Amino acid sequence: MKSKLVYGVGINDADYTVKIHEVVDGKRKIVWTCPYYRKWNEMLRRCYSEKELEKHPTYRGCSVCNEWLLFSNFKSWMEQRECEGRHLDKDFLIENNKIYSPSTCVFVPQKVNNFITTSGKTRGEYPLGVSLVKDSKKNPYGSRCMNGSGDQIYLGIFSTPEQAHQAWLKKKLEVCNEYLLEFKEEPLIIKGLTRIKDKLEYHISNNIELTSF
């Protein structure tokens with residue numbers, strides 16, 4: 001068992017080398033990292049690296065359950081799940097969840113993860129999906145929606161940001177319903193998407209702004 005804790009909390013109890021180094025151009029470099037260890041390390045870094053928390057302050061207050069502080073436990077859990085090309089998500093199933101654990105986490109397909117990404121503070125002063133159309137005085141607010149696969153869908157221009165946001169919400173709901181059909185064989189993905197669908201429908205019905213999923 002390793003004596004040095006990973007990010008001050010994690011125990012790497014692997015009985016094999018999780019990183020392989022080679023000398024490349026006179027410098028010692030990592031040429032391979034165990035994919036299970038990489039995911040585990042990334043999870044710990046988000047929660048416990050002060051440098052990472054300065055870059056991504058939304059992770060402040062997040063933690064990893066005691067069970068997963070032991071690498072082998074996380075690895076056993078991950079081995080039983082489809083994870084290739086997927087994102088480890090802690091709040092897809094439970095909104096605003098702060099704890100990484102077996103009961104709260106799921107590996108989300110990349111396009112679904114992209115679909116629920118809201119860009120945080122970088123999106124500007126307008127509601128999600130809304131931007132100012134500078135050369136249009138009558139209908140100055142444009143609406144666009146990313147479908148998760150990298151395609152930006154143009155939804156038109158509107159007289160108010162609220163109208164533009166409503167168009168975005170309705171398109172998001174349409175895409176969410178498509179994903180519900182596509183991932184119908186995956187209960188946990190369906191559970192998370194159903195939560196998001198319900199939230200979209202609520203905001204549409206009550207004509208209120210959605211700020212996060």
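Among the numbered conditions (1) within 21 Å of residue 7 (Cβ to Cβ); (2) under 13 Å from the mean Cα position of the chain (by Cα); (3) open to solvent by less than 80 Å² (accessible area, probe 1.4 Å), the only one that residue 58 does not meet is (3).
Apart from one condition, residue 170 fits all of (1) over 18 Å from the mean Cα position of the chain (by Cα); (2) open to solvent by less than 100 Å² (accessible area, probe 1.4 Å); the exception is (2). Against the list (1) closer than 30 Å to residue 118 by Cα; (2) at pLDDT 95 or above, the condition residue 58 fails is (2). Take the conditions farther than 30 Å from residue 75 by Cβ and of a type outside the set (Phe, Trp, Tyr) and apply them to residue 208. Does it pass? Answer is yes for this residue. Checking each residue in segment 11-44 for being surrounded by fewer than 17 Cβ atoms within 10 Å (Cβ to Cβ), of a type in the set (Lys, Arg) and under 20 Å from residue 100 (Cα atoms) picks out only 38. Quick one: in segment 195-213, of everything that is of a type in the set (A, V, I, L, M, F, W, C) and open to solvent by less than 40 Å² (accessible area, probe 1.4 Å), which residue is nearest to the chain's Cα centre (by Cα)? So, considering only residues that are of a type in the set (A, V, I, L, M, F, W, C) and open to solvent by less than 40 Å² (accessible area, probe 1.4 Å), the one nearest to the chain's Cα centre (by Cα) is 213.
Only one residue in 113, 139 is in a loop (DSSP other than H, G, I, E, B), surrounded by fewer than 17 Cβ atoms within 10 Å (Cβ to Cβ) and in contact with a strand residue (DSSP E or B) (Cβ under 6 Å, 6 or more places away or on another chain), so which one is that?
Of 113, 139, the one residue that is in a loop (DSSP other than H, G, I, E, B), surrounded by fewer than 17 Cβ atoms within 10 Å (Cβ to Cβ) and in contact with a strand residue (DSSP E or B) (Cβ under 6 Å, 6 or more places away or on another chain) is 139.
Going through (1) open to solvent by less than 80 Å² (accessible area, probe 1.4 Å); (2) in a loop (DSSP other than H, G, I, E, B); (3) at pLDDT 95 or above one by one, residue 176 falls short only on (2).
The values are calculated or read from the model by the stated rules, or taken from the named source; none is laboratory data. Just so it is clear, the structure is predicted and the values come from calculations on it, not from any experiment. As a convention, Cβ positions derive from the backbone with ideal geometry for all residues, glycine included, and neighbour counts pool all protein chains shown. Note: accessible area is taken over every heavy atom of the protein model, side chains too, but ligands, DNA and RNA are not part of it. Shrake-Rupley method; radii C 1.70, N 1.55, O 1.52, S 1.80 Å.
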